[in-house]
Amino acid sequence: MDTIFALATAQGRAGVAVIRISGKMAALSAGKLMKTVPEQRGLRKLVDSEGVHLDDALVLVFPDTNSFTGEPVVELHLHGSIAVVNAVLRVLGDDADLRPAEAGEFTRRALENGKLDLTQVEGLADLIDAETEGQRRQALRVLSGELGNVASGWRRKLLRAAALLEATIDFVDEDVPFDVRPEVTELLCQVERELEKEIAGVKFAEKLRVGFEVAIVGAPNAGKSTLLNRLAGRDAAITSEIAGTTRDVIEVRMDLGGLPVTVLDTAGLRDTDDIVEGMGVVRAKERAAQADLRVYLVGKGETIGIALSDGDIVLQAKADLLDDPSQGISGTTGLGVDELVTHISTVLGKRAASVGIAMRERHRLAMLGSLGFLRSAMMAMNNAGFDDLIAEDIRTAIRSIDSLVGRIDVEDVLGEIFSSFCIGK
């Protein structure tokens with residue numbers, strides 16, 4: 001494979017910039033910039049082909065057995081000047097033994113060299129994108145190989161079940177010393193239960209990865225936009241005493257208790273002859289129905305007007321104007337806002353607690369595929385003489401699990417995954 005190089009840190013001025021070189025020619029190419037390449041690490045003066053001083057750098061050298069990519073790697077830790085970085089990249093670009101890395105190519109080589117499985121690659125992408133503490137923890141679980149380890153356990157159990165059945169097929173004309181079906185059935189049931197549990201957790205894991213949605217709903221002029229602004233800490237929505245000011249859904253993303261949450265300010269719910277406002281009301285109802293949680297602001301004597309779902313919150317609007325504000329909230333004064341944030345964090349936190357290790361729709365589909373063939377095999381276990389078909393169903397279930405961690409049938413998803421990585425990763 002070609003030896004590649006790229007800036008591994010963000011573009012722009014910084015205290016330190018890191019350029020990564022990976023491939024069999026890494027040390028040789030790095031040696032053209034300095035008198036000697038350190039065995040492991042050392043400070044070196046970098047020069048171009050004419051001996052012009054480029055920068056003083058910390059140079060780290062990794063053998064293929066101990067590098068991120070599974071290849072020899074050299075990292076140049078430079079002063080983070082744009083000019084310094086460009087000068088070093090220009091010299092490396094003139095080296096015929098090197099070429100610039102493509103997006104995600106370092107990580108793809110780690111996958112191809114067995115340093116990471118596909119789920120760990122996805123975990124790394126999620127870790128880079130993590131904005132909240134909950135996202136960071138979940139991404140690290142996947143990056144650590146936890147999902148791959150669980151999948152390997154499923155694979156071992158299914159291989160054992162398939163081997164037991166195939167033994168009876170191979171010796172069909174002989175007396176097998178014991179009945180393998182009870183053990184096969186138990187192995188299949190174990191994997192079935194574990195798959196069902198993990199599949200159920202994907203929904204909330206995906207929410208943790210991309211973010212929950214909380215919709216603020218109520219009649220016009222109920223204080224929804226004022227509450228959104230209070231939660232956001234800025235004027236994200238226009239507020240006015242004129243009813244019907246909000247016509248579209250306004251979204252503000254924030255961190256609530258370590259969870260990524262997008263709060264939606266929606267148009268006031270009422271019957272109207274205004275075509276544009278009517279469109280806003282329809283959109284408000286649609287987005288509110290799709291949200292993970294709804295906060296209803298109701299005035300004195302008003303009805304909610306939309307069916308409640310589990311966990312939804314109902315509060316008296318404009319509590320600063322009420323005689324008894326204990327069950328109300330006010331975006332104007334902040335009354336009840338801290339309690340609302342705590343309540344939302346608690347409700348969503350309980351849902352996040354049921355998160356499994358698998359986080360993506362691809363994971364869910366692979367596990368569903370395996371589960372379907374397992375159930376087919378278990379149904380056939382009740383009939384004698386179908387051992388070969390049962391064994392084939394189990395082998396197909398194993399292939400679905402293999403696709404989960406990237407052993408087979410994943411070329412079509414690799415391009416999509418690695419396109420989300422930056423060049424230096």
Does D338 satisfy being closer than 20 Å to A163 by Cβ and either in a helix (DSSP H, G or I) or within 27 Å of the chain's Cα centre (by Cα) (or both)? no
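Quick grid of which residues meet (1) basic (K, R); (2) farther than 19 Å from V73 by Cβ; (3) free of Cβ contacts under 8 Å to residues at least 24 places away in the same chain; (4) not assigned by TED's automatic domain parsing to the domain that holds M367:
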residue: T107; (1), (2), (3), (4): no, no, no, yes
residue: L111; (1), (2), (3), (4): no, no, no, yes
residue: K115; (1), (2), (3), (4): yes, no, no, yes
residue: L127; (1), (2), (3), (4): no, yes, yes, no
residue: G145; (1), (2), (3), (4): no, yes, no, no
residue: N149; (1), (2), (3), (4): no, yes, yes, no
residue: R155; (1), (2), (3), (4): yes, yes, no, no
residue: R160; (1), (2), (3), (4): yes, yes, no, no
residue: A163; (1), (2), (3), (4): no, yes, yes, no
Looking for something within 30 Å of G12 (Cα to Cα) and modelled with pLDDT under 75 - is there at least one such residue anywhere in the range 377-390? no
Among the residues listed as I357, I390, the single one being surrounded by 19 or more Cβ atoms within 10 Å (Cβ to Cβ), more than 29 Å from the chain's Cα centre (by Cα) and touching a residue at least 60 places away in the same chain (Cβ under 8 Å): I390
So, in the range 114-144, of the ones that are assigned to a helix (DSSP H, G or I) and acidic (D, E), which residue ends up nearest to L259 (Cα to Cα)? E133
Give the range 164-183 a look and list any residue that's modelled with pLDDT of 80 or more and in contact with a helix residue (DSSP H, G or I) (Cβ under 9 Å, 6 or more places away or on another chain), or say none. L164, L165, R181, E183
Here is a list of conditions, (1) in a loop (DSSP other than H, G, I, E, B); (2) under 22 Å from H363 (Cα atoms), and G70 meets all of them except one; can you say which number that is? (2)
Any residue that is touching a residue at least 24 places away in the same chain (Cβ under 8 Å), outside the structural domain of A162 (by TED's automatic domain parsing) and under 20 Å from R287 (Cα atoms) - is there at least one of those in the range 314-333? yes
Can you pull out every residue in the range 12-43 that is more than 20 Å from F68 (Cβ to Cβ), in contact (Cβ under 8 Å) with a residue 24 or more places away in the chain and surrounded by fewer than 14 Cβ atoms within 10 Å (Cβ to Cβ)? G12, R13, G15
What is the number of the single condition among (1) surrounded by 13 or more Cβ atoms within 10 Å (Cβ to Cβ); (2) at pLDDT 80 or above; (3) of a type outside the set (V, I, T) that R270 does not meet? (2)
Restricting to the range 114-172, name every residue that is of a type in the set (S, T, N, Q) and more than 22 Å from I401 (Cβ to Cβ). T132, Q135, T168
Picked from the range 286-329 (must be assigned to a loop (DSSP other than H, G, I, E, B) and hydroxyl-bearing (S, T, Y)), the residue modelled with the lowest pLDDT is T303
Condition set free of Cβ contacts under 8 Å to residues at least 12 places away in the same chain and in a loop (DSSP other than H, G, I, E, B), scope the range 44-54, selection surrounded by the most Cβ atoms within 10 Å (Cβ to Cβ): answer is V52
Quick check: anything in the range 188-203 touching a helix residue (DSSP H, G or I) at 6+ places or on another chain (Cβ under 9 Å), at pLDDT below 85 and assigned by TED's automatic domain parsing to the domain that holds G134? yes
Name the residues in the range 58-83 that are at pLDDT below 95 and either acidic (D, E) or touching a Leu at 6+ places or on another chain (Cβ under 7 Å) (or both), would you? D64
Can you say whether A87 is within 24 Å of N113 (Cα to Cα), among the aliphatic types (A, V, I, L, M) and either modelled with pLDDT under 95 or out of contact with any Phe, Trp or Tyr (no Cβ under 6 Å at 6 or more places or on another chain) (or both), as far as the supplied structure shows? no
Look at the range 374-387 and say how many of its residues are in a helix (DSSP H, G or I) and surrounded by fewer than 22 Cβ atoms within 10 Å (Cβ to Cβ). 6
Does L60 meet the test of being in a strand (DSSP E or B), free of Cβ contacts under 8 Å to residues at least 40 places away in the same chain and closer than 30 Å to Q120 by Cα? yes
Failed criterion for D64 (all others in (1) within 20 Å of Q11 (Cβ to Cβ); (2) touching a Gly at 6+ places or on another chain (Cβ under 8 Å); (3) in the same structural domain as G12 (by TED's automatic domain parsing) hold): (1)
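The values are calculated or read from the model by the stated rules, or taken from the named source; none is laboratory data. Keep in mind the model is a prediction, meaning the values are calculated, not measured. As a convention, Cβ positions derive from the backbone with ideal geometry for all residues, glycine included, and neighbour counts pool all protein chains shown.
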